[in-house]
Amino acid sequence: PWITALWMIGVAVSALRLLGGAWRLHRWATRETSPAPSEWQECCDFLGRRLGLRSPVPLRESPRVHGPLIVGWFRPMLVLPLGMLQSLPGLQIEALLLHELAHVHGRDPLIHLLQRAVETLLFYHPAVWWVSEQIRREREHRCDDRVLEAQGEGHSLAEALVTLAERAHAAEPLALAATDGSVASRVRRLLQGRPAGSTGTTASRKGWVRRTLVLVVVGLGIALV
């Protein structure tokens, strides 16, 4: 009984943290953001169509963020730091937009929410955290590969990631940030060019889905055992 009680307390604390983060994100995303300039919204819409998005993603700016974030699970919006559109070169901004839109195309915000829910229920098991970290890393690599495929080079995104990492503070736990994952390993990967088996192809995307499912099943199986 005392083990069950400890588990329930842990789940309650984790769930309160999760809900608190979701409430804060919703509050500032709806009250403390402003629409981005129309020319950049048009650029975002154009890039989204290139990636195969069926509906446009609203582009907004906020003084509360230090890097691009995807906010929202079913109708996501892309929130940029205030002034970023004026301080970074155009190719770097385009690379960051492509990366974030690739997250939207892959329904990563919803997958991220499901990950957080699993981490809340199975917070005590290191296998779950390991699996979740592998999924995050592969997710970032997949989106980086989409940028490589679209732009033909990775230097612009690599330079943008380094700049953002220098400015970044802790990101909200429920938002997808451009600097998620190991920035150093991502920069090395980008500077080496498009790797073999890049997820830019349909077959590779299917492979990414299979690997993710295998990781989830293995992690949950170990946790349940």
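The values are calculated or read from the model by the stated rules, or taken from the named source; none is laboratory data. Remember, it's a predicted structure, so these values are computed and weren't measured experimentally. All Cβ positions, glycine included, derive from the backbone under ideal geometry; neighbour counts span all protein chains shown. In case anyone asks, the SASA skips ligands and DNA or RNA and just uses the protein heavy atoms, side chains included. Shrake-Rupley method; radii C 1.70, N 1.55, O 1.52, S 1.80 Å.
Where residues in region 32-84 are of a type in the set (S, T, N, Q) and in contact (Cβ under 8 Å) with a residue 24 or more places away in the chain, which of them is surrounded by the fewest Cβ atoms within 10 Å (Cβ to Cβ)?
Across region 32-84, the extreme among qualifying residues is Ser34.
Sort out for me the helices (runs of 4 or more DSSP H) sitting completely within region 78-130 that have 1 or more residues that are farther than 18 Å from Asp145 by Cβ and modelled with pLDDT of 90 or more.
84-87, 90-105
I'd like to check something: does region 13-21 contain any residue that is closer than 21 Å to Arg139 by Cβ, part of a strand (DSSP E or B) and at pLDDT below 90?
no
Which of the residues belonging to region 92-114 are under 12 Å from the mean Cα position of the chain (by Cα) and free of Cβ contacts under 8 Å to residues at least 24 places away in the same chain?
Hit for region 92-114 is Arg107, nothing else.
Evaluate the following for Glu39: is it more than 25 Å from Leu114 (Cβ to Cβ) and in contact with a Ser or Thr (Cβ under 6 Å, 6 or more places away or on another chain)?
It is false that Glu39 is more than 25 Å from Leu114 (Cβ to Cβ) and in contact with a Ser or Thr (Cβ under 6 Å, 6 or more places away or on another chain).
Kindly establish whether Trp28 is aromatic (Phe, Trp, Tyr), on the phi < 0 side of the Ramachandran plot and open to solvent by 30 Å² or more (accessible area, probe 1.4 Å).
no
Residues that are more than 17 Å from Glu42 (Cα to Cα) and among the small types (Gly, Ala, Ser): does region 88-101 have at least one?
no
Go through (1) part of a helix (DSSP H, G or I); (2) closer than 30 Å to Ala95 by Cβ one by one and return the number of the condition Val57 breaks.
(1)
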